[in-house]
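Novice: Quick one: the structure is below, and I'll ask about it shortly.
The values are calculated or read from the model by the stated rules, or taken from the named source; none is laboratory data. Quick caveat: nothing in here was measured; it's all calculated off a predicted structure. Cβ coordinates were reconstructed from backbone atoms using ideal geometry, including for glycine residues, and neighbour counts include every protein chain displayed. Accessible surface areas use protein heavy atoms only, side chains included; no ligands, DNA or RNA. Shrake-Rupley method; radii C 1.70, N 1.55, O 1.52, S 1.80 Å.
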Amino acid sequence: MKVLDADDEMLKSFCSEAIDFFNLGEKRSVLIIGVESGGVPIAEALFEEVKNLTRTSISFVRCSRPSTKKKKEGVIGRIFRSVIRIFPKFFLNFLRNVEHSFLSLKRPPEREVTSILADYSEYDTVIVVDDAVDSGYSLKSVVSHIMDLAAGNASDVSVRSAVFVVTQKNPVFEPDFSFKKGVLVRFPWALDA
């Protein structure tokens, strides 16, 4: 699968297209929720573009799968972070494809979502933002969680989702908006950037 390197221009294009797609300039108030950790920089970029158009707030939620913790913590994580930068880009692209293929086969549905507290009655639109949808389980878990929280105090709030890239053809959850499809993306904040 092709690997794209995201840059500032691509992030600006994502923001511009998302603003148009959701008609954010016409909304009374918007809450942007970034999914940690990859969705946070994208949510922040979108927030910066939207805050001059309407009343906008930003928040974050944590959702993780077990393999992410293994990759980032412990001895293996420290070794991975220290040696990853010495490999050539073609090998890093190969590793991304191997990881993607492995995760595509497993598609583990388990996710842990850390709650966020917000008064959803203050907003007419909530947009959950993440960097990528692979299986779709993470975004599905977060959107369901936010919808449950919002239903408790704001029945008329619209909960929508936006991602930079959808990597697989048939994720279990399709976001409302995606900027790219069918590719892998290396973001500037990635371990192998």
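Novice: Peptides 171-177, 182-188: what's the order by average Cβ count within 10 Å, highest mean first? Walk me through the numbers on the way to the answer.
Specialist: On the way: 171-177: 17.3, 182-188: 15.7.
Order by mean packing, descending: 171-177, 182-188.
Novice: What accessible area per residue comes out for region 115-193, rounded to a whole number of Å², with a 1.4 Å probe?
Specialist: About 42 Å² of surface per residue is accessible.
Novice: What trypsin sites (Lys or Arg not before Pro) in region 1-50 are in a loop by DSSP, with at most 11 other Cβ atoms within 10 Å of the Cβ? Don't skip to the answer; put the middle values down first.
Specialist: Values: sites: 2, 12, 27, 28; in loops: 2, 27, 28.
Qualifying residues, ordered by number: 2, 28.
Novice: So what's the gap between the Cα centers of region 28-61 and region 2-24, to the nearest angstrom?
Specialist: When both Cα centres are located, 13 Å separates them.
Novice: Pairs to check: 12/181; 2/181; 51/181. Give those whose C-alpha atoms are more than 22 Å from each other in this structure.
Specialist: Working: 12/181 17 Å; 2/181 11 Å; 51/181 27 Å.
Where the Cα-Cα span goes over 22 Å, the pairs concerned are 51/181.
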